[in-house]
Amino acid sequence: MRITFDPEKCEYTFTADVFFAGLPITGFYWDYGDGTTGTGPVTTHQYATGGSYVVCLYLFAQKDEDCCWRKFCKEIRVEDCRPRKMLIDNTQGSITPVKPNDGGIKNGIVLDQNSPNPFAESTVISFEIPATAKTAQLRITNLNGIVVKTMDIQSTGKGQVTVYGNDLNKGMYMYNIVVDGKVSQSKRMVKN
């Protein structure tokens, strides 16, 4: 795994320079360590805040019935190179930094990592749907972006769904929640 940084763009480039012996690689999945993910042999990513992150590359290989996956991880130290946004309170003249959104919140949707992960029998995905939501759906896709399972969510607020192992083949999947057409960030799960 090779990692380079472009300070002008404040952007990291991740390159998979590892190979499986004997099997062609069929999927590259990146976990950037901040709750976001990417796919492909080369990806780019911008971190919202500085800090230490463990970046993991998951390689999938398959030929006929032979299948396997391997994980490579590396810890990186990210410096915050973005200018800080500020709010100015004219009544008191103070300046308050604007905090970035929590990594699990996007469009008012809270999506937690499934547990356990990886799983064989079943796994639980917890979430929170905004009270104003009209429709909500959990969507599971394979690494090619093809939807393999959807589950309608009938109520707002905190909730959870159980995904059963017999509904999915072995492999890595992405999942997100779609609320009134707005998509939460994606999370990954591994079915053993």
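Picking from residues in the stretch 170-184 that are without any contact (Cβ under 8 Å) to a residue 60 or more places away in the chain and assigned to a strand (DSSP E or B), the one that is farthest from the chain's Cα centre (by Cα) is Val178. With respect to the stated conditions, Lys187 is touching a residue at least 24 places away in the same chain (Cβ under 8 Å), on the phi < 0 side of the Ramachandran plot, under 17 Å from the mean Cα position of the chain (by Cα) and buried (at least 18 other Cβ atoms within 10 Å of the Cβ). Answer with yes or no whether Gln185 is closer than 18 Å to Asp34 by Cα and at pLDDT below 85. It is true that Gln185 is closer than 18 Å to Asp34 by Cα and at pLDDT below 85.
The selection criterion, being loosely packed, with under 14 Cβ neighbours inside 10 Å and assigned to a strand (DSSP E or B), holds for Thr162.
Among residues of the stretch 141-169 that are assigned by TED's automatic domain parsing to the domain that holds Ala120 and under 16 Å from Glu128 (Cβ atoms), those with a Cβ under 6 angstrom from a residue that is hydroxyl-bearing (Ser, Thr, Tyr) and surrounded by 15 or more Cβ atoms within 10 Å (Cβ to Cβ), sequence gap 6+ or separate chain, pair up as Gln160/Ser126. Can you find, within the stretch 28-58, the residue that is surrounded by the fewest Cβ atoms within 10 Å (Cβ to Cβ) among those that are assigned to a strand (DSSP E or B) and touching a residue at least 60 places away in the same chain (Cβ under 8 Å)? Here the answer is Thr39.
One residue stands out in the stretch 1-27 among those that are modelled with pLDDT of 85 or more and under 21 Å from Gly145 (Cα atoms): the one that is surrounded by the most Cβ atoms within 10 Å (Cβ to Cβ), namely Phe14.
Go over the candidates Thr135, Thr96 one by one and state the one that is over 16 Å from the mean Cα position of the chain (by Cα), among the hydroxyl-bearing types (Ser, Thr, Tyr) and modelled with pLDDT of 90 or more.
Thr135
The values are calculated or read from the model by the stated rules, or taken from the named source; none is laboratory data. Every value quoted in this text rests on a predicted model; they were computed, and no experiment measured them. Cβ coordinates were reconstructed from backbone atoms using ideal geometry, including for glycine residues, and neighbour counts include every protein chain displayed.
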